[in-house]
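Data first, discussion second: the structure below is written as structure tokens.
The values are calculated or read from the model by the stated rules, or taken from the named source; none is laboratory data. Quick caveat, the model's predicted, so the values are computed rather than measured. Positions of Cβ are backbone-derived with ideal geometry, glycine not excepted, and every protein chain shown enters the neighbour counts. Accessible surface is based on the protein model in full, side chains and every heavy atom, while ligands, DNA and RNA are left aside. Shrake-Rupley method; radii C 1.70, N 1.55, O 1.52, S 1.80 Å.
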Amino acid sequence: MASMQVKAKQFFSVFAAAISAVVFLQPDAAIAQDELRLDEIVVTAQRRAQSLMEVPLAIEVFTGNEIRRQGFRDLDDLANFSPTVLIEPRVQDQDVAIRGFGTTGNTLTHDQSAPFFVDGIHFGRQSQVKLAFLDIESLEVLKGPQPVYFGQNATAGAFNIRSRRPTETWEGYVNAEVASDNTNELSFGVGGPLNDQWGIRVAGMRETTDGYMTYIATGQPMGAYENTGGRVMLQFTPNDKLQIT
């Protein structure tokens, strides 16, 4: 009898300790859940704005803020941060592959198997997207064949780049960098509403460098480049169902 009483006391002691632990840990668990909650990621992989959780595709998404924070200048830099993207620079452009599949060659008749789309516009040649990182909202790497939304030639995947649109309030940014070999970079983006129906966004970029090598025959620097680009975007929204950019 005494043995059963001891066991009962032990059981109630363990039960009370377990309840106390649950009550004690519950606020911390709630805090941990709040800290781990992610913001909703909106993509346009299916030609309309959707939450990433609703899109049944293999997608890798980079936001414009993250691209500026990491210092991505072009697609060559993107390949260093995406394990499924391979970029091999050439004289005028670069070979691009997703998951090891891509199209090689500089022929005008080549249809790239990993095409680029900037705001829904197809860019068939990689040299056309050297300054595609100008004031972008997001960059989506769509892995695997994408013939439904990006054409029958997108057999390896597609890159979907979306530029930043005019916002409901005025906002902007300016980035400036100075490096060795007289390398300078300046980029900016600013936009906001003109009235209740019209909005505007202006962006620009300029990069220059004197080069990082010297040609021994002439003593002239090599690797110099000068890139300049800009964009003005107007957006007309007469009602909730129509928007013209």
key: Phe81 touching a helix residue (DSSP H, G or I) at 6+ places or on another chain (Cβ under 8 Å), over 22 Å from Asn153 (Cα atoms) and at pLDDT 70 or above   = yes
query = Taking only pairs six or more apart or across chains, which ones have beta-carbon atoms under 7 Å, a first residue in segment 208-233 that is farther than 21 Å from Gly189 by Cβ, and a second residue that is part of a loop (DSSP other than H, G, I, E, B) and among the hydrophobic types (A, V, I, L, M, F, W, C)?
reply = Thr209/Ala224; Asp210/Ala224; Gly211/Ala224
message = Looking for something within 15 Å of Arg47 (Cα to Cα), modelled with pLDDT under 80, β-branched (Val, Ile, Thr) and open to solvent by 70 Å² or more (accessible area, probe 1.4 Å) - is there at least one such residue anywhere in segment 140-149?
response = yes
key: Qualifying position, being in contact with an Asp or Glu (Cβ under 7 Å, 6 or more places away or on another chain) and among the acidic types (Asp, Glu), among Asp181, Asp240, Asp196   = Asp181
query = In segment 150-165, which residues are among the hydroxyl-bearing types (Ser, Thr, Tyr) and under 19 Å from the mean Cα position of the chain (by Cα)?
reply = Ser163
request  = Identify, by number, the condition in (1) open to solvent by less than 100 Å² (accessible area, probe 1.4 Å); (2) under 14 Å from the mean Cα position of the chain (by Cα); (3) modelled with pLDDT of 75 or more that Ala49 doesn't meet.
outcome  = (2)
inquiry  = For the structure I just gave you, tell me whether Gly189 is under 21 Å from Asp119 (Cα atoms), without any contact (Cβ under 8 Å) to a residue 60 or more places away in the chain and surrounded by fewer than 17 Cβ atoms within 10 Å (Cβ to Cβ).
reply    = no
message = I'm trying to understand the selection: among the residues of segment 192-245, which are modelled with pLDDT of 90 or more, outside any strand (DSSP E or B) and surrounded by 11 or more Cβ atoms within 10 Å (Cβ to Cβ)?
response = Leu194, Gln197, Thr245
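For residues in segment 158-186 being of a type in the set (Asp, Glu) and assigned to a strand (DSSP E or B), which is surrounded by the most Cβ atoms within 10 Å (Cβ to Cβ)?
Among them, the one singled out is Glu185.
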task = Inspect segment 100-119 for any residue being among the acidic types (Asp, Glu), surrounded by 16 or more Cβ atoms within 10 Å (Cβ to Cβ) and at pLDDT below 80 and give the result as yes or no.
result = no
